[in-house]
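**Q** Shown below is the structure under consideration.
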Amino acid sequence: MSETIFDKILSGEIPCHRVYEDEHVLAFLDIFPLSRGHLLVIPKERRAQLHELSDDAAAAIGRALPRLCRAVLAATGASAYNILQNNGSEAHQAVFHVHFHIIPRQGEAGLVIGWKPGQLANDEAEKLKSAIAGALEG
Ligand code: AMP
């Protein structure tokens, strides 16, 4: 994995607006926010995408996220928010170090979602659930 801007933030080489740090996690303000209070939460473990994270790093992020969401809501007065976590450039990932966005909704400001649902046929559902459950056991 090549170095990203988040490595430079973690090492202190470039500054960030840090709001939280523990042994495994750093949270700081997004410099191009979709709304006021848009926060990024990253593991200190250096991995590009979520499925590559160790259980320990994932658990640390999972512990921190709800607390950070509560803090963003309290500080901004927002009552709705999205968690966004992009993996791969086709999925809009620009920085290849795992990160979770906390994006408060404030009127029109926030995450815009294009959601085009399909239909799940029973035979396809059967095939898919077997394939995914099988992969979990592998
Ligand atoms: P993503 O498209 O999920 O990879 O999002 C990367 C995010 O990182 C974007 O929302 C950027 O605005 C944000 N970002 C990039 N560089 C910095 C930086 N130096 N400090 C804070 N946020 C940054």
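**Q** Indicate the gyration tensor shape class of region 16-85 (rounded, prolate or oblate), computed on the Cα atoms with a ≥ b ≥ c the square roots of the eigenvalues: a/c under 1.5 is rounded; otherwise a/b larger than b/c is prolate and the rest oblate.
**A** Cα axes put region 16-85 in the prolate bin.
**Q** Still on this model: Out of every Cα pair in the chain, what percent are spaced more than 18 Å from each other?
**A** The proportion of pairs with Cα distances above 18 Å equals 62 percent.
**Q** Now for a different question. Filter the chymotrypsin sites (Phe, Trp or Tyr not before Pro) in region 32-138 down to the DSSP loop ones having no more than 13 other Cβ atoms within 10 Å, then list what survives.
**A** In loop regions of region 32-138 (DSSP not H, G, I, E or B), the sparsely surrounded chymotrypsin sites (Phe, Trp or Tyr not before Pro) are Trp115.
**Q** Give me the percent of the accessible area of the chain that comes from carbon and sulfur atoms, probe 1.4 Å, all protein chains in place.
**A** Carbon-and-sulfur percentage of accessible area, whole number: 55.
**Q** Here is a follow-up. Once the piece of chain linking Gln85 and Ala71 is laid out straight, how much longer is it, given 0.36 nm per residue of separation minus the C-alpha distance between them?
**A** So the chain would gain 3.1 nm between Gln85 and Ala71.
**Q** Could you report the chain's accessible area per residue, 1.4 Å probe, as an integer in Å²?
**A** Using a 1.4 Å probe on heavy atoms only, each residue of the chain averages 66 Å².
**Q** Counting other Cβ atoms within 10 Å of each Cβ, which GluC sites (Glu not before Pro) in region 1-51 have at most 14 and sit in a DSSP loop?
**A** Glu3, Glu13, Glu23
The values are calculated or read from the model by the stated rules, or taken from the named source; none is laboratory data. Keep in mind the model is a prediction, meaning the values are calculated, not measured. Please note: Cβ atoms are built from the backbone with ideal geometry, for glycine as well, and neighbour counts cover all protein chains shown. Accessible surface is based on the protein model in full, side chains and every heavy atom, while ligands, DNA and RNA are left aside. Shrake-Rupley method; radii C 1.70, N 1.55, O 1.52, S 1.80 Å.
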